[in-house]
Amino acid sequence: MSNITVLGLGYIGLPTSIVLAKSGHKVFGYDINEKAISILKKGKIHITEKNLQAAYNEVIKTDTFIVENVIVKSEIYIIAVPTPFKKNENKKVADLSFVDSAAETIAGVLKEGDLVILESTVPPGSTKRMTDILEEKSGLSREKFHSVHCPERVLPGKILYELEHNDRIIGSERVESALLAKELYESFVKQGDIFITDDITAEMAKLVENTSRDVNIAFANELSIICDELDINVFELIKLANKHPRVDILNPGVGVGGHCLAVDPWFIVERYPKEAIIINNSRLSNDSKPFWVSAKVEKAISYDKSKTIGILGLAYKPNIDDLRESPSLVLAHDLVNKGYNVIGCEPNCNEGTVDGIVNLSLIDTLQEADFITLTLAHNEFIESKDIISKNPFFDCIGMMEYTNG
């Protein structure tokens, strides 16, 4: 078993560190977020994820996972840092500064034979860029160390399970580097298969997985708008169309969020703007959906700005606290900018405010709001369908008709 340093202790890096530690590796976690480090050093996790706190308790008790605010020399380094969009840009362009910084940090301690794994989702060519930085800053030629890309492929709310059960893709300039990384992943992947390819194919595989879903959701979201014009129920339509054995249309919603589906397609468009026509248009379509919902809500309340609008669900998907790229928040802020009083109910976040939106309990939201907009099928909402139905509402997700409870 190896010593491993994980750079980035967020939604991917922290669970990955814990799973590695449980598998017998000695893991050191590093992050530039001092608040996160402080919380972790106190024995608490700083993100919401099922069963993660219990798993963290286990590995810190045995000292197999240690959180540090300085880089620790190891044989293996895993980069799991954010890749947001660049600020102040007219178009969506990946900000690779966190990846670059992590590579420069590793280069300061890199030695011959070490393995560097990039797990962050990146545009094609980024692993080569990372390897170039490692080579230049460490003084070692790229043949003296190993660098690979192994994109994460997990679903929030099921991360610990999926880390151990999902297939993994490992790509590298050199086959021997990919095979070395494969040995590491085989130490904790219990049921999934591990596939070897080149680094650019691995980068594109992750982007294409999420882009395909984004395109399919765009189709469903456009159907919802067309069905509204036709005055028919889009959820019934999709349910009937899916009776065909070769049709599987997804359900529409308020838009698409998260740091995968709402982001990854732009990494392809960024590099190939002329070729990625469907991908680009799907992104634009999904990004516009919250504004369409906003207009529907306005019409439903007769543009009465004395009305209070309650939004049920502020995260980007059900039963998590992750707010990244949340279309529900886009909707909420659009209504606020139009002059409406907006309150939210996100039971997975603390009451108070969420991104500037007042966050109340479900009961308080239903009492204070004149009109309800359902954006997420949280378990709490499904269980309270009867209570919610007593209020005027707009259901973006078909929860009131097509969920159990």
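The values are calculated or read from the model by the stated rules, or taken from the named source; none is laboratory data. Everything quoted here is computed from the prediction, not taken from an experiment. Cβ atoms come from the backbone with ideal geometry, glycine included; neighbour counts cover every protein chain shown.
Quick one: in segment 267-304, which of the residues that are over 20 Å from residue 218 (Cα atoms) and among the basic types (Lys, Arg) is surrounded by the most Cβ atoms within 10 Å (Cβ to Cβ)?
Selected residue: 271.
Restricting to segment 132-165, and then to whatever is hydrophobic (A, V, I, L, M, F, W, C), in contact (Cβ under 8 Å) with a residue 40 or more places away in the chain and closer than 14 Å to residue 116 by Cβ, can you tell me which residue is surrounded by the fewest Cβ atoms within 10 Å (Cβ to Cβ)?
Per the stated criteria, the residue is 150.
Out of curiosity, is residue 80 in contact with a Leu (Cβ under 9 Å, 6 or more places away or on another chain) and not charged (D, E, K, R)?
Taking the combined requirement at face value, the residue satisfies it.
List pairs: first residue in segment 392-405 and in the same structural domain as residue 238 (by TED's automatic domain parsing) and at pLDDT 85 or above, second residue among the aromatic types (Phe, Trp, Tyr) and assigned to a loop (DSSP other than H, G, I, E, B) anywhere in the structure, Cβ distance under 9 angstrom, at least six positions apart or on different chains.
Pairs that qualify, where the first residue is in the same structural domain as residue 238 (by TED's automatic domain parsing) and at pLDDT 85 or above and the partner is among the aromatic types (Phe, Trp, Tyr) and assigned to a loop (DSSP other than H, G, I, E, B): there are none.
So which residues in segment 123-147 are over 25 Å from the mean Cα position of the chain (by Cα) and part of a loop (DSSP other than H, G, I, E, B)?
Scanning segment 123-147 gives 139, 140, 141, 145.
Scan segment 288-319 for residues that are within 24 Å of residue 224 (Cα to Cα) and without any contact (Cβ under 8 Å) to a residue 40 or more places away in the chain and jot them down.
Those that are within 24 Å of residue 224 (Cα to Cα) and without any contact (Cβ under 8 Å) to a residue 40 or more places away in the chain: 288, 295, 299, 302, 303.
Looking at segment 166-189 only, could you name the residues that are touching a residue at least 60 places away in the same chain (Cβ under 8 Å) and assigned to a helix (DSSP H, G or I)?
Within segment 166-189, 177, 180, 181, 184 qualify.
In segment 98-122, what count of residues is obtained for those that are assigned to a helix (DSSP H, G or I) and either surrounded by fewer than 20 Cβ atoms within 10 Å (Cβ to Cβ) or of a type outside the set (Val, Ile, Thr) (or both)?
Matching residues across segment 98-122 total 8.
Counting just the residues of segment 20-52 that are within 19 Å of the chain's Cα centre (by Cα) and closer than 21 Å to residue 189 by Cβ, which one comes out surrounded by the most Cβ atoms within 10 Å (Cβ to Cβ)?
Filtering segment 20-52 for residues that are within 19 Å of the chain's Cα centre (by Cα) and closer than 21 Å to residue 189 by Cβ, the one surrounded by the most Cβ atoms within 10 Å (Cβ to Cβ) comes out as 49.
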